[in-house]
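For reference, the structure is listed below as structure tokens.
The values are calculated or read from the model by the stated rules, or taken from the named source; none is laboratory data. All figures in this text were calculated on a predicted structure; none of them were measured in a lab. Please note: Cβ atoms are built from the backbone with ideal geometry, for glycine as well, and neighbour counts cover all protein chains shown. Ligands, DNA and RNA are stripped out before the accessible areas are found, and what is left, the full protein with its side chains, is counted by its heavy atoms. Shrake-Rupley method; radii C 1.70, N 1.55, O 1.52, S 1.80 Å.
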Amino acid sequence: MTGTIFDAMVANPAEVEVDGEKPRKIKLVQSKPLMVEVSYDKLDAESDGQKAVKNLPLTITYEGETIPGANIVKVNEGAVKPIPITVGGAVVGDDGFVTANAAVSLKTLAKHLNEGFNQFTVDVNGMTDVVMLDLEL
């Protein structure tokens with residue numbers, strides 16, 4: 001059955017085909033005034049057929065009717081000169097939160113990133129959220 005998880009052990013090495021689908025996301029009720037996540041689906045679409053991705057697509061959800069501006073203020077726990085995030089395509093929900101498509105220049109952000117797991121802090125009007133990013137250089 002699709003989605004069934006099991007543990008197995010074999011006597012000899014064996015190749016196993018695994019479905020290439022991405023894990024499904026679980027949408028939780030918004031519990032904090034700011035939530036930022038990498039839009040991996042948009043990243044995949046943007047990088048399809050291109051040598052390099054210019055912008056890291058993000059989704060920002062913020063308590064209010066607008067997002068007054070967003071910046072990355074820390075990378076890997078170190079303070080950085082604010083890196084501006086372009087925000088657009090905002091939709092106001094019935095729950096009092098606005099959700100917007102956003103993007104940050106990877107060229108600017110990459111100066112502060114390491115290979116492997118990274119984190120960066122996004123600031124919107126004094127509210128912050130930490131975003132995890134696994135990067136392969």
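Once C-alpha pairs closer than 8 Å and six or more residues apart are averaged by separation and normalised to the residue number of segment 79-121, the relative contact order reads 32 percent.
Using every pair of separate Cα atoms, the Kirkwood estimate puts the hydrodynamic radius of segment 59-137 at 13.2 angstrom.
The apolar share of the surface of segment 62-137, taken as the fraction of accessible area on carbon and sulfur atoms (1.4 Å probe, ligands and nucleic acids excluded), comes to 51 percent.
Legend: distances between Cα atoms for 81/107; 54/111; 42/74; 32/54; pairs beyond 22 Å are 42/74; 32/54.
With a Förster radius of 35 Å applied to the beta-carbon distance between residue 16 and residue 92, the computed FRET efficiency rounds to 0.15.
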